[in-house]
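Below you'll find the structure, written out as structure tokens, and then a few comments.
Every number here is computed from the coordinates shown, using simple stated rules; none is lab data. Treat the numbers as computed from the prediction; the structure is a model and nothing was measured. Counting neighbours? That spans all protein chains shown, and the Cβs are built from the backbone with ideal geometry, glycine included.
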Amino acid sequence: MDKNNKNNHPAFGRLALTVLIFFTGLYAILYEVNEILRYKNGGEVDMVHSFYKLKKDSLDVLVIGSSHAYYGFQTNQAWEDYGVASYVMGSPSQTMICSYYLLEEALQYQKPQVVLLESYYFRSGKVFVQDSNLRAVTDNMKNLQNKRELIDLGLPEADWKEKLAYYVPFFKYHSRWKELDQSDFTQKSFYKGSLVRLKHKSFRAPEPTDEKKEIPETALEYFEKIRALCEENDIRLVVFKTPVSNGSGENSDWYHNTMGITNSLSDYLEERSVPYLKLQDQVGIDFENDFYDYCHLSFTGQKKVTAYLMDWLTAQYDLPSHKGDPAYSSYDREYEEFKDYINTQKTSGSEDRDDV
Amino acid sequence: MLFNSIEFMVFFPSVCILYYLIPSRAKNLFLLACSYFFYMCWNPKYALILLISTAITYYCGLLLGRSDGIEDEEKRIRNKKLCIASGFILNLGILFFFKYFNLFSRTLNSVFALLHIHVNVPFFDVLLPAGISFYTFKVLSYIMDVYRKDIPAETDFIRYALYVSFFPQLAQGPIAHAKDMLPQFSEEHVFDWYNIRRGLLLMLYGYFQKAVLASWLGMIVDTVYGNWANCSGLQLLIATVCFAFQLYSDFAGYSCIAIGAGEVMGFTTLDNFNVPYLSKSVSEFWRRWHISLSTWFRDYLYIPLGGNRKGKWIKYFNIMTVFLVSGLWHGAEYHYIAWGGLNGLFQIIGDLLRPLRTRTLQLLHIQKNSAVHNIFRVIFTFILILITWVFFRAPSLVESVYILEKILIGFGTSAWRALPDGLKGLGIDRPVLLLLLASMIILIFFDVMKYRNICVRDFILKQKPYVRWTLYYAAVTAILVFGVYGPGYSSTEFMYIQF
């Protein structure tokens, strides 16, 4: 052993600084590695992750909800046609409980004029449907209090070790090193929370129904929390329902349940004077071309829903266009990227789900 | 509390920082409290057994020390023998109850059944206290050392209790002998930044061996051995080779963490593994594998039995005794006893065949120390050790024999042709295979360096800071990314913890 080295102790202050610098460097490296390894699921998890990149207090419209929201509302179109800055804080199977916490989270960084809440998950009183759905919300959530409350609600039985993997998602996703592909190394900046399905499937228009189904208590409880939060922050809350088909008939029960919840919700919201835009019939949906699958809209359907919602919102509220404002130049840039991307996909005739 | 647990990642740095901050006179008491806390994280009740073993042997030591003052030789020897016998019987009794009683009951019931005697010897559903095999051997080494006057009896109970329970060595060794370890608890351990980094580097290498190499190899081994009846001989052979390196990297990895953790606090522990798979004979293997246990058996069983001083056949008897006991120490199962017996048998056969080997080398004009001969010996020894590992890993003695038979029969050309398909059956995919190959290269590199007495740690610590830091960052990141841990991977216990 080198005696000179052995007895050459750095002073305490210098040693503490060295250790601090070492761990800061290690944190920085692991942060970057985590960015590569984190679960992305074709962009569905990027919505919460990318939200924090928005310029503070720059949003006009915040959309919250499940896949029905991010396949139903096209933020790039809202920008291009109306000059409105919008973002979909969406996540797969986002329940009302998750929507509430995501709204809590979003309002720490943004002060939108309008919150658009997609109503499909009024059907569920659960905290989450699948574990991956909870993770899609909590993995990238920054506010520790929101994260803790949601994790505690979702995993009441879990011990601290199980919960730790939700606070430090690297513990779970480090094993993704085996399945990394190109998309893990390249980030798309033009999501703004919306996803696009270019392909479509044809369905028959379902029969309208007046039946009603009971909305779970917990869903209503958390909706009330969302409503209170919006009122507290002087935000207009608008609930909307994207159109659905009933598939080829095999999803009849699902369709009736969905419409039953929609009809019950309509009464509930009317009593409380909350605007509810049921878009099943209003937007001129073409059941031949406007669906990707029986319950999610294709790009053409998404455009119709977005146009309707934006027309309604701009007519009701004072949503000025930010077009030409240098502070919003990133929206122009990202719209161009988005347009190029759509054109490329259309030209090649292919749609890679993970890339869209 | 396992070394690869989150708790330990918090526990160890906290203990180290406080250890260097508190006054010297309080250090032993502090470490003792920490060690008992560490142990009680498994099962608080079993700390009592640890304390009982410690107290018994502490008083045995004191009585042995006092007996040395008796002038009447006959009385002195009688007293000392009584003391050491009591210490051994009481401690081995505890070990027997927890570890071997059920094997004993099972055997007795089988014998009674064969003799058509209707007696039912009961079983006890008790959990084996963590580390009992290790600390029992530690306390026995202490009373033997005092008995032989190699060390004086320890009068300070705190110091002795710390020797027994010192947390880096508590769960899985190394079984530090009293004469090597106990005096270190009387020394002052000052903050030594160079040694701390050396220790941390060794721990880092240990974590790599455990979390990356052993854990991924374990997946192959578990997949194949868990379904051995439907696997080909070649798959079983590959899995057995993987097991050889899994067990090595798991246990050597643990030892590195234990020794490194001791070094961080200023304690020196003898090496537990010294490149065992480059051994040229089975007896050399046992001088390089689990050295602390091998030397324990050598010092406290083989030599007292007469060692090699009483003729060839007594020596062979002693070797067989040592290895059968070693097998039994590893587990209360017949396949462990067979494993131990086989290791003893290979050594005896090797010794008996030595004249024949010498003659053959002369006839073939091969130099005894030539590279070709040495390589052949290393490979042949590895094959013999592989055979013994089948007995070690298989679930039972009967299954060991079937697995070995499958390996020998299934080792034909058709098996090699079926290799690509066979790899799928190993339960891993291509990225894991590449990771394992890269990890094996790292392991072999470090082993070859060690074999050549090159200390990689000192070499790294002499490099410029940017080189060192790059290496540290690369190593930590690689272990965190490629290691097997987190949700879905619960069975990452160290393998020797069960012994």
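Between B:ARG148 and A:ALA327, how many nm apart are label points set 7 Å from Cα along the C-beta direction?
It is 8.3 nm.
Starting from the Cα of A:SER348, step 7 Å along the direction of its Cβ; do the same at B:ILE366; then give the gap between the two resulting points in nm.
Once both label points are built, they end up 6.0 nm from each other.
Between A:ASN233, A:TYR335, A:GLN74, whose Cα lies farthest towards the positive end of the dipole of the stretch A:46-355 when Lys and Arg beta carbons carry +1 and Asp and Glu beta carbons carry -1, centred on the Cα centre?
A:TYR335
To the nearest 20 debye, what is the magnitude of the charge dipole of the stretch A:193-300 about its Cα centre, counting +1 on the Cβ of each Lys and Arg and -1 on the Cβ of each Asp and Glu?
420 debye
Considering only DSSP beta bridges with both partners in the protein assembly as shown, what is the antiparallel share in %, to the nearest 5?
10 percent
Would you mind getting me the FRET efficiency between B:LEU82 and B:ARG298? Use the beta-carbon distance for r and R0 = 35 Å, nearest 0.05.
0.85
With contacts defined as alpha carbon pairs under 8 Å and 6 or more residues apart, what's the relative contact order of chain B in percent?
With pairs under 8 Å counted, the relative contact order is 18 percent.
Have a look at B:THR57, B:VAL119, B:ALA26 and report the one farthest towards the positive end of the charge dipole of the stretch B:24-188, computed about the Cα centre with Cβ charges (Lys/Arg +1, Asp/Glu -1).
It is B:VAL119, whose Cα lies furthest towards the positive end.
Any of A:LYS147/B:LYS210; A:LYS225/A:LYS323; A:LYS40/B:LYS464; A:LYS303/A:LYS323 with alpha carbons more than 29 Å apart? Name them for me.
Details: A:LYS147/B:LYS210 32 Å; A:LYS225/A:LYS323 34 Å; A:LYS40/B:LYS464 39 Å; A:LYS303/A:LYS323 20 Å.
From the list (A:LYS147/B:LYS210; A:LYS225/A:LYS323; A:LYS40/B:LYS464; A:LYS303/A:LYS323), the Cα-Cα distance tops 29 Å for A:LYS147/B:LYS210; A:LYS225/A:LYS323; A:LYS40/B:LYS464.
Mind checking the dipole of the stretch B:24-188: about its Cα centre, +1 per Lys or Arg Cβ, -1 per Asp or Glu Cβ, Debye to the nearest 20?
Dipole of the stretch B:24-188, to the nearest 20 debye: 280 debye.
Using the Karplus curve 6.51 cos²θ - 1.76 cosθ + 1.60 with θ = phi - 60°, what ³J(HN,Hα) values do you get for each residue of the stretch B:394-399, in whole Hz, with x for Gly and Pro?
Working through the residues one at a time gives 4, x, 8, 5, 5, 5 Hz.
Across the residues of B:190-196, average count of Cβ atoms on other protein chains within 10 Å?
Going residue by residue through B:190-196 and averaging, the value is 4.
Would you kindly state how much longer the chain becomes between A:LYS161 and A:ILE36 on full extension, computed as 0.36 nm times their sequence separation minus their alpha carbon distance, in nm to one decimal?
My answer for the length gained is 42.6 nm.
Tell me, what ³J(HN,Hα) does each residue in the stretch A:304-320 have, in order and in whole Hz, if you take phi through Karplus 6.51 cos²θ - 1.76 cosθ + 1.60 with θ = phi - 60° and put x for Gly and Pro?
The phi angles translate into 5, 5, 4, 4, 4, 4, 5, 4, 5, 5, 5, 6, 7, 10, 8, 10, x Hz.
If you average the alpha carbon positions of the stretch A:47-80 and of the stretch B:183-238, how far apart do those two centres end up, in angstrom?
48 Å
Loop-only check: which GluC sites (Glu not before Pro) in the stretch B:62-105 are DSSP coil with at most 15 other Cβ within 10 angstrom?
Here the GluC sites (Glu not before Pro) that fit, given the DSSP loop and packing criteria, are B:GLU71.
Residue by residue through the stretch B:449-457, what is 3J(HN,Hα) from phi via Karplus (6.51 cos²θ - 1.76 cosθ + 1.60, θ = phi - 60°)? Round to whole Hz and write x for glycine and proline.
In residue order, the calculated couplings are 4, 5, 4, 8, 6, 9, 8, 5, 4 Hz.
If we count every other residue with Cβ under 15 angstrom of A:PHE128's Cβ, Lys/Arg +1 and Asp/Glu -1, where does the sum land?
Numbers: positive: A:ARG123, A:LYS126, A:ARG135, A:LYS147, A:LYS163; negative: A:GLU44, A:ASP131, A:ASP139, A:GLU149, A:ASP152, A:GLU157, A:GLU162.
Within the 15 Å Cβ shell, the charges total -2.
Rounded to the nearest 0.05, what FRET efficiency do A:ASP267 and A:ASP234 give with R0 = 30 Å and r taken as the Cβ-Cβ distance? Could you check?
Rounded to the nearest 0.05, the efficiency is 0.70.
Please give the Cα centre distance for the stretch B:127-159 versus the stretch A:223-244, rounded to the nearest Å.
70 Å
Contact order normalised by length for the stretch B:277-393, with contacts defined as Cα pairs under 8 Å and 6 or more residues apart; what percent is it?
RCO, the stretch B:277-393: 33 percent.
Using the crude model of +1 on Lys and Arg Cβ and -1 on Asp and Glu Cβ, and no other charge, please compute the dipole size for the protein assembly as shown relative to its Cα centre, in debye to 20.
Its charge dipole is roughly 5240 debye.
How high is the FRET efficiency between A:GLU217 and A:PHE22 when r is their beta carbon distance and R₀ equals 51 Å, given to the nearest 0.05?
Efficiency for this residue pair is about 0.50.
With 10 angstrom as the radius, rank B:CYS41, B:CYS34 by how many other C-beta atoms surround their C-beta, starting from the fewest.
On the way: B:CYS41 16, B:CYS34 21.
Fewest-to-most Cβ neighbours within 10 Å comes out as B:CYS41, B:CYS34.
Pop a pseudo-label 7 angstrom from the Cα along the beta-carbon direction at both B:GLU188 and B:ILE22 and give the gap in nm to one decimal.
Using points 7 Å along Cα→Cβ, the separation is 1.8 nm.
Could you tell me which of A:ALA106, A:PHE171, A:HIS322 has its Cα farthest along the dipole of the stretch A:46-355 towards the positive end, charges placed at Cβ (Lys, Arg +1; Asp, Glu -1), taken about the Cα centre?
A:PHE171
Could you name the lysines whose alpha carbon sits less than 21 Å from that of B:LYS80, not counting residues in the same chain fewer than 8 places away?
Within the straight-line limit of under 21 Å, B:LYS80 reaches these lysines: B:LYS138, B:LYS149, B:LYS179.
What does the average come to when, for each residue of peptide B:429-435, you count the partner chain Cβ atoms lying within 10 Å of its Cβ?
Taking all residues of B:429-435 together, the mean is 2.
Quickly estimate the mean residue ellipticity at 222 nm for chain A, helices only: each DSSP H run with n ≥ 4 gives -39500 (n - 2.57), and the total goes over all residues, rounded to 500.
-14000 deg cm²/dmol
Starting from the Cα-Cα distance between B:LEU471 and B:ILE6, subtract it from 0.36 nm times their residue separation and give me the gain in nm to one decimal.
Fully extending the segment from B:LEU471 to B:ILE6 adds 165.1 nm.
Amide H of A:VAL88: which non-local residues (sequence gap of 5 or more, or other chain) have their own amide H closer than 5 Å, using H built in the peptide plane?
Answer set, sorted by chain and number: A:VAL63, A:GLY193, A:SER194.
List the residues, sorted by chain then number, that are 5 or more residues from A:LEU59 or on another chain and whose placed amide H is less than 5 Å from its amide H.
Residues meeting the amide H criterion: A:LYS111.
Between the alpha-carbon centers of the stretch A:267-306 and the stretch A:197-220, tell me the distance in whole angstrom.
9 Å
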